Amino acid sequence: MRKYIFVAGGVMSGVGKGVATASIGKIIQSRGFRVTAMKIDPYVNVDAGTMNPTEHGEVFVLDDGTECDQDMGNYERFLNCDLSGANYMTTGSVYQAVINRERSMGYGGKCVEVVPHIPLEVIGKIERAAAKHRAEITIIEIGGTVGEYQNILFLEAVRMLKVKQPHDVLLVLVSYLPLQGSETPKSSAESGTTGQGELKTKPTQYAVRTLNSAGLQPDFILARAPAALDARRKEKIAFNCNLREEDIISAPNVESIYEIPVNFEKGSLSSLILGKLRVKPRRRNLRDWQTLIRFIRSARTPVKIGIVGKYFGSGEFILADSYISVIEAIKHAAHFWKRKPVIEWINSESFEKDNDKLKELSGYHGVIVPGGFGERGVEGKVSAIRYLREKKIPFLGLCYGMQLAVVEYARSVLKLDKAQTTEINQKTPHPVIDVMPEQKKNLAEKNYGATMRLGAYPAHLKAKSIAHMAYNKGQIANRKGQKRSRKPFAIRDLRISERHRHRYEVNPQYIARLEKKGLVFSGVSPDRRLMEIMELPREKHPFFVGTQFHPELKSRPLNPHPLFREFIKAAIARK
């Protein structure tokens, strides 16, 4: 019988449920089990495609085109697998499925009610995902925080499944312990921490009691905190929450999220989980992961990368989650070259207000212009791209970043001063970037949800181009002590497959003129209708590459994406 591990969050949002879910999956996978992971989002949105990045964070895209939560990216990166739309659900998608089934008489004329039919649909989706991926153990993250009205029906699904299969279902609570009194340090003996205050357990106790009121008792508590949990705090949580002390797992802040699976195993979490699920471990193998951690910890020489975007603002704070996959892909590539990534955010609007600020770009080893939508900050991005091209600073443009690089090249080199994308100006005399013909009807009818060009599509590469050489290297020479036998990005017949999310493309009417002036389209769709990769030859620029797709979505900690890998290599060479 299949096993299920549910992960819920307590005390506050952003407590790290997604990374905890991915890490649990990793350590269970390392014990020899087939694992898959799922995300439940408590939003009424049918998917994440229409959510604002500055509110919800990055929209992650799967091979099958599903637009989903950024945590799905963590699952893929940690488990080194490709997930599907079956692994993601929202409140909206669950209600939609139940209503559609009712309309087609799928319930045989019964009165359809919120309980039990919504929780039963949730359980059905979980079981179908486990079957689709042939998973022996499925880890399911429940979005939101315990006590919120939005996720109560998902907790009811956990209760119903646990009643049905008591030995096959576990519940993990990721809770937060605030550090109080850090302004008046106490001795470590008194506080049980680092001498900077006292970790407070009361919020966690209330979170557990809230779960109890929903008919649930957590099997484990992952104690997130600024410092490691001491014996006194463990004893206190265990006593007040009806758990064994060994079931309280310390989860202190770490420098890299990739350290978390190793930290969990210090507390023998995988053995504790398998013991409660009544299954025997088959092996223990985290060697590759441990080697990765050694690489990360030993990296000292910095490589400074700037990200020119516009989705950073969240009040007075920076919301890095808007570009989380880009950030992780940079880290993967930097760690591959044994460099310490130093990533800085650059608001493109600042270049529109003060052109002299462009000179600051010379302080970076490389700069990325990522994806985005809309007019805000666009001219700042175009100005930045021109500066990077002329000053020969390594540049990687992703989706919108590539499109704006084409706009800049048309303006500066083809002397088409008013060149623009029709996303910004539908009446431009030189629409070098134009809406795809099949997308015009969707935009006219305001049919925005799940209608972009989404998911994995193939592309052919031009021989001896920068892109071709990058992909064809696959995983280059093995690092000492790190096994790198697989070559997931090595290609045959110059063909690749990458994930997309866009409505606009390079206008075919301008391709010949752009190529005549030196721009190389090194990746094209099989029918040669869509331009997938653009670049400048190495004799003109050390690294100037743009992709219509999102390579960051397929990067892995042990297998950096080849384009990011070569971009970081060029950035290191600039230093």
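Bear in mind these aren't lab numbers, they're just calculated from the coordinates by the rules spelled out. Values in this document were obtained by computation on a predicted structure and should not be read as measured data. Glycine also receives a Cβ, built like all others from the backbone with ideal geometry; neighbour counts cover every protein chain displayed.
As a check on your grasp of the helix formula, calculate [θ] at 222 nm for the chain: sum -39500 (n - 2.57) over DSSP H runs of n ≥ 4, divide by the residue count, round to the nearest 500.
Details: 20 runs with 202 residues, N = 575.
Helices in the chain give a 222 nm mean residue ellipticity of -10500 deg cm²/dmol.
Sort 321-334, 98-111, 514-527, 538-551 for me by packing, meaning the mean count of neighbouring Cβ atoms within 10 Å per residue, highest on top. Intermediate values should be presented prior to the final figure.
Working: 321-334: 24.9, 98-111: 10.7, 514-527: 17.1, 538-551: 22.4.
Result, highest mean first: 321-334, 538-551, 514-527, 98-111.
For the chain, what does the relative contact order come out to in percent, with C-alpha contacts under 8 Å and a separation of six or more?
15 percent.
Could you name the aspartates and glutamates in cross-link range of Lys353, using Cα to Cα under 13 Å and dropping any fewer than eight places away on the same chain?
Glu379
Any number yet on Rg/Rh for the chain, C-alpha, Kirkwood?
0.99
For the stretch 297-574, what mean projected area does the convex hull of the alpha carbons give, in nm²?
Orientation-averaged projected area of the Cα hull: 15.3 nm².
On a 0 to 90° scale, report how tilted helix 152-164 is relative to the longest principal axis of the chain, with both axes built from alpha carbons and the result rounded to the nearest 10.
50 degrees
Can you give the local net charge around Lys418? Use residues other than it whose beta-carbon is closer than 12 angstrom to its beta-carbon, Lys and Arg +1, Asp and Glu -1.
Working: positive: Arg411, Lys415, Lys427; negative: Asp417.
It works out to a net charge of +2.
Sort 229-236, 302-309, 444-451, 163-170 for me by packing, meaning the mean count of neighbouring Cβ atoms within 10 Å per residue, highest on top.
302-309, 229-236, 163-170, 444-451
Apply the Kirkwood formula to the stretch 3-285: the hydrodynamic radius equals the inverse of the mean of 1/r over all pairs of different alpha-carbon atoms; give it in Å with one decimal.
19.5 Å
Kindly flag which residue pairs out of Lys331/Lys517; Lys17/Lys162; Lys340/Lys464; Lys164/Lys236; Lys464/Lys540; Lys304/Lys338 have an alpha-carbon separation exceeding 23 Å in this structure.
Among Lys331/Lys517; Lys17/Lys162; Lys340/Lys464; Lys164/Lys236; Lys464/Lys540; Lys304/Lys338, the Cα-Cα distance tops 23 Å for Lys331/Lys517; Lys340/Lys464; Lys164/Lys236.
Pull up the DSSP beta bridges for the stretch 3-285 and report the antiparallel fraction as a percent, rounded to 5.
Of all bridge pairs located within the stretch 3-285, approximately 15 percent are antiparallel.
Counting alpha carbon pairs within less than 8 Å and at least 6 residues apart, what relative contact order, in whole percent, applies to the stretch 3-285?
Values: 513 pairs, mean separation 69.3, N = 283.
Relative contact order comes out at 24 percent.
Run down the aspartates and glutamates and flag those whose C-alpha is under 17 Å from the C-alpha of Lys110, throwing out any fewer than 8 positions away in its chain.
Counting by Cα, and skipping residues close in sequence, Lys110 has these aspartates and glutamates nearby: Glu102, Glu121.
Which one, Thr138, Ser23, Tyr471, projects farthest toward the positive side of the charge dipole computed for the chain from Cβ point charges (K/R +1, D/E -1)?
Ranked along the dipole, the leading option is Tyr471.
Once each part is reduced to its C-alpha centroid, what is the distance from the stretch 247-277 to the stretch 112-163 in angstrom?
24 Å
How far, in degrees from 0 to 90, does helix 324-336 lean away from the longest principal axis of the Cα atoms of the chain, to the nearest 10?
80 degrees
Between beta-carbons, use under 14 Å as the cut-off and find the net charge around Lys440, counting Lys and Arg +1, Asp and Glu -1.
Details: positive: Lys441, Lys446, Arg453, Arg503; negative: Glu423, Asp434, Glu438, Glu445, Glu505.
Around Lys440, the charge tally is -1.
Under the Kirkwood approximation applied to all pairs of distinct alpha-carbon atoms, what is the hydrodynamic radius of the stretch 416-475 in Å?
When all Cα pairs of the stretch 416-475 are included, the Kirkwood radius is 14.8 Å.
Under a Cβ-only charge scheme (Lys and Arg +1, Asp and Glu -1), can you give me the dipole magnitude of the chain about the Cα centre, in debye to the nearest 20?
Numbers: 89 positive and 61 negative charges, 514 e Å.
For this selection, approximately 2460 debye.
Taking just the alpha-carbon atoms of the stretch 333-460, what radius of gyration and Dmax come out, in angstrom?
Both quantities, over Cα of the stretch 333-460: 16.5, 50 Å.
Cα to Cα, under 17 Å, and not fewer than 8 places away if on the same chain: which lysines meet these conditions relative to Lys266?
Lys26, Lys234
Relative to the longest principal axis of the chain, what angle (0 to 90°, nearest 10) does the C-alpha long axis of helix 202-213 take?
80 degrees
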